[in-house]
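What follows draws every value from the coordinates through simple rules; no lab data is involved. Quantities reported herein were computed from a predicted structural model and do not represent experimental measurements. Here Cβ is always computed from backbone atoms with ideal geometry, including for glycine, and neighbour counts include all displayed protein chains.
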Amino acid sequence: MRTYSIYLILFLAGILASCEDFLDQSPKYNLTLENAVTDYNGAKNIINGMYSVIAKSSNFGGELAGRWASQAGVWNYNNPNYHMTYKEGSNDFGAIWQSWYGLVNSANAAVIALTNLDVKLYPSPETKEALIAEARCMRAWAYANLFWMFGHWWEADDCAYGILYRDQMSNLSNLQVPRITVGESYQKIFEDLEPGLKYLPDFTTPRYLSKQLAQVLKAKLLLNRGVMRGDVQDLKDALDLVLTVKKDAPGSWKMEADLAEMYEKGWESGEVLWTRYMGDITNCAWSEFTYSYAIGYNNTYYDIFDGWIKEDPRYTVVMDSVRAPETWDTKNVWALKKLYHGGRNDTPDAPYTAYYFRYAELYLMEAELKARLDDYSVADALAPLNEMRSKRTNPVLPALSASSKKELLRTIFREICVEQFLENGSEYFASLRFINDTDASPAQNKPWIYTLKQDVDFSADKYCWPIPEAERLKNKLVDQNVLKFEIMTKFLAVIMIWAGLSACSDDKDVLVSIPNDVTMNELELGRFTHQIPDGGFTSKAAHTNGVKFNTVKNPDGTYSGFAYSNRNNRSFTWTATQEALDSNIYSVYTRFPNANEIYAVACVKDDDAYFTLGKPAVVEHILVANTTYAYLAMVYGDQYGTPEAPVANPNIPGSADKKGVWYSNVPGGVKKLVDEDKDYFKLIIKGFKDNTQTGTVNFYLCTRKGDPENPDWSRVVNDWYPVDLSALGVVDKIVFDLESTDIEEGTGRMRTPAYFCLDGIRIQK
């Protein structure tokens, strides 16, 4: 939803001002929008006013970078950010919110005033367009950061938790506005960037916005969105922008050979594209008090990252012994010299800048994007990484190597963290984009943030900060970032499409979040139980269109069609009892503990497994997963159906010879599905309207290499996975069937347990 804080009201006094020393402009204070810009000098002054807003608050500098580094799990700067225990009433977030929306307000003032100023009062029409583009680019940059801080930027377009958008000056009459959606947020930011792509001048100094900044900001937005959603087109568009910048940017913007010198120069470095300029502020270090203080005293890093930086040649360049921050404390401390310089007391006027973007990041983005796209080889993606490293002479950085895209992605993630830590939040967003797929990690196949912060219990609703309390008290229309309709808890924040599936050969790390309507969570169940209802059951949850699930219940307690469950089990059945079998039959096999609350479990027999809609509609998608029962059967087989040596049973402690003691209750046993036999387990989904079939969608719950429809894949689905059913068109009934290559000789009976899990039905309204 859209809004602003009361703190922004009447912000013109000072926003429209500029300091004479700041950008060599005459000061103008206490101006109104009507009289502030009456000529070209006024137009330049209001632009300079935007930059002065950034210079005056540490919330645009190290403070924000420190919070994101803590949130990534690499630094011990801020406990609430590290542990993700932030709350709505936190004054810290209120101050950040106020500062950044103050910049938005300043940009809005500039856009309005510049647009209203007669074109005849500018040196040329192009000059007017360029100044308006500069103001809109500043607004886009501000909103992009606010989106990353306070919005669900990783979610689907229809997610309600976008930015609080306003393009007018704040006043008492327009505070009550709702947030816009995630999709609308991206659209607004991109619309503001478009003039900058066309009219902004090329880079000359990092003190001002440039065409290149507009290009890389759009690329970063597309990169983050593309990876989290699994949108290949976003990734391609981002790469096009990066390559365009590399080709067309002026030669004055380039890598610095000496890393230490680059940091010493700060906002004067030719490697820096865009930065917070404080050159006319006395004692710059004091304006970054909290941040510089933390760098001086909180100079330790969390274990994994600490090992990375200490092993890297850059460590001796960016770390050093410097003067402690306090005037009374004359000892030296080991600190991050690249940002702390000589110490807050010894070097108060050093360029304590914020590196919003520098040339090295361009190479890192290119490498990551090429690594995620099938059009490029490992060598193609590795090349920009090594080109970046080759540009340094102090320190000398040896070339990197990688034998696969998975290894390359791990290398790129580490390089982002080491090269950019504590500069602009890059390590935090990378910790969400990159998947840790190493066998040694307890957080394997989850975003790296879960490995870096193994001692922290959190979920994806903590990826952004809460809307501050002060805002919500003044604006009753703004919704908080809470878990609504189970948007987040349904999937523990992520569903992995290219990564996290067993033995997947694609080497892609892509996360998507899926909105849902029908979730079955309004049904009642005791903890870790299931229910086989008489005559089926109906659920509609957040949707007006109900879904009725068919159930055929047999006298012996078995069923076909659908039951519902909230069980969560990932282990073999250890006895042949029905109770033990139920723990697998009625549990979903997911990488994380079940966060889906209640879901449906289908037992496919004849055409019993179906649901009907209350009224005909398009089913946009469903979520499906394997039951633990089917998953273990496909991955391990059982003691009867698989001739190879059985695996150890983790439920039986003691000697190593207690193996293969798990039960499938399938006559003749079940077979392990393997590549050599081109095995698969296929879900067949058929749509009907008025008893006429509208189409069929196939989804592979397991596919091994060589399957004609999936020749390059080898995977067993091990999480909730979205299946697009929009191709079925308008339907009133959907019927499910299963097909497997594990067929009993002579009878043709399928031996793979005919079960799957269903949840998260999205219905077009």
Just to be sure I understand the model, the point goes 7 Å from the Cα along the line to the Cβ. What's the resulting residue 247 to residue 187 distance in nm? 3.0 nm
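Nearest 0.05, what FRET efficiency do residue 268 and residue 724 give at R0 = 56 Å with Cβ-Cβ as r?
0.60
If R₀ is 22 angstrom, what is the calculated FRET efficiency for the pair residue 525 and residue 581, using the beta carbon separation as r and rounding to 0.05? Display every interim value, and only then the final one.
On the way: r = 19 Å, r/R0 = 0.85.
Given R0 = 22 Å and the Cβ-Cβ separation, E is 0.75.
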Residues 674, 456, 104 arranged by fewest to most Cβ contacts within 10 Å: 456, 674, 104
Specify which residue in the list 736, 746, 761 is farthest towards the positive end of the charge dipole of region 711-765, using unit charges on the beta carbon of Lys, Arg (+1) and Asp, Glu (-1), about the Cα centre. 761
Which order results if 369, 221 are arranged by neighbouring Cβ count within 10 Å, fewest first? 221, 369
Hey, can you rank 607-618, 741-752 by average C-beta count inside 10 Å, highest first? 607-618, 741-752
Two pseudo-spin positions, 7 Å from Cα along C-beta at residue 401 and at residue 480, lie apart in nanometres by 5.4 nm
Mind running the shape call on region 163-214? Use the C-alpha gyration tensor, a ≥ b ≥ c as the square roots of the eigenvalues: rounded below 1.5 for a/c, prolate if a/b tops b/c, oblate otherwise. prolate
With Rh as the Kirkwood radius over Cα pairs, region 240-386 has Rg/Rh of 1.04
Enumerate the whole-percent occupancy of each 10 Å bin, from 0 to the last occupied one, for all C-alpha pair distances of region 152-292. 10, 28, 30, 26, 5, 0
Rounded to the nearest 0.05, what FRET efficiency is calculated for residue 328 and residue 283 with R0 set to 25 Å and r the Cβ-Cβ distance? 0.90
Straight-line reach from residue 548: which aspartates and glutamates fall under 12 Å, measuring Cα to Cα and dropping same-chain residues less than 8 apart? 732
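With a sphere of radius 9 Å drawn around the Cβ of residue 249, what net charge do the other residues whose Cβ falls strictly inside it have (Lys, Arg +1; Asp, Glu -1)? The partial results should precede the final answer.
Details: positive: 211, 246, 247, 254; negative: 202, 248.
Result for the local shell: +2.
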On the principal axes of its Cα set, how long, how wide and how thick is region 36-193? Give whole Å, largest value first. 56, 34, 30
Neighbourhood net charge (12 Å Cβ-Cβ; Lys/Arg +1, Asp/Glu -1) for residue 586: -1
Among 198/370; 87/265; 56/87; 605/672, the pairs whose Cα-Cα distance exceeds 31 Å are 87/265
Between region 73-136 and region 361-408, the alpha-carbon center distance in angstrom: 33 Å
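Which value, in debye to the nearest 20, gives the size of the charge dipole of region 201-303 about its Cα centre, when Lys and Arg are +1 and Asp and Glu are -1 at the Cβ? Provide the component values of the computation, followed by the final result.
On the way: 12 positive and 15 negative charges, 94 e Å.
The dipole of region 201-303 has a size of about 440 debye.
Starting from region 250-330, pick out the GluC sites (Glu not before Pro) whose DSSP state is loop and whose Cβ has at most 12 other Cβ atoms within 10 Å. Don't jump to the answer; show the numbers that get you there.
Values: sites: 256, 261, 264, 268, 271, 288, 311, 326; in loops: 256, 271, 288, 326.
Answer in residue order: no site qualifies.
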